[in-house]
Amino acid sequence: MSFSGKYQLESQENFESFMKAIGLPDELIQKGKDIKSISEIEEDGDNFKVTVTTGSKVLVNTFKIGEEAELETLTGEKAKAVVQRDGNKLKVSLKGIESVTELVDGNTIVNTMTLGSIVYKRTSKRM
């Protein structure tokens, strides 16, 4: 299955507690909690470009599976990491956050980010 496509956030769990834990200011948490972000994934072999648009904030990360890349975090910091692919899952560890993006079926992506005991889960549907 290909990750390529546009997905809209349908539901999320533990948004506020996770964003607080990574140091996002309360005003941004309140502003962002009800926005249905759009994720666009372009997959070309092992090369990926992921664009996440949340209101006026746009986060773009480009990487090749198995190779070190500079990725932008949710707080806007840059960090080097290696994205691995395991079947229909993309996995990366970035600044203490374990992130797994799973293509559950052809139309649903579930992104789970874990920091310590806090698990933030986002479910998005293909548009």
>> If amide hydrogens are placed 1.01 Å from N in the peptide plane, which non-local residues have theirs closer than 5 Å to the one on Leu94?
In response: Ser99
> Leu9: net charge of surrounding residues, Cβ under 9 Å, Lys/Arg +1, Asp/Glu -1, itself excluded?
Replying inline: +2
>> Quick check: pseudo-label points 7 Å beyond the Cα along Cα→Cβ at Glu72 and Asn14, how many nm apart are they?
In response: 2.6 nm
> Using a ≥ b ≥ c from the Cα gyration tensor of the stretch 3-43 (square roots of the eigenvalues), is it rounded, prolate or oblate, where a/c under 1.5 gives rounded and otherwise the larger of a/b and b/c decides, a/b for prolate?
Replying inline: prolate
> Percent of accessible area on the stretch 5-79 owned by carbon and sulfur, 1.4 Å probe?
Replying inline: 45 percent
> Using θ = phi - 60° and the Karplus form 6.51 cos²θ - 1.76 cosθ + 1.60, what ³J(HN,Hα) does each residue of the stretch 82-95 get, whole Hz, x for Gly and Pro?
Replying inline: 10, 8, 10, 10, 10, x, 9, 10, 10, 10, 8, 10, 9, 6
> To one decimal place, what orientation-averaged projected area in nm² is obtained for the convex hull of the Cα set of the chain?
Replying inline: 7.0 nm²
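The values are calculated or read from the model by the stated rules, or taken from the named source; none is laboratory data. Predicted, not measured: the structure shown is a model, and the values here were computed from it. Ideal geometry is used to build each Cβ from the backbone, glycine not excepted, and the neighbour counts take in all protein chains shown. Ligands, DNA and RNA are excluded from the accessible area calculation, which covers all protein heavy atoms including side chains. Shrake-Rupley method; radii C 1.70, N 1.55, O 1.52, S 1.80 Å.
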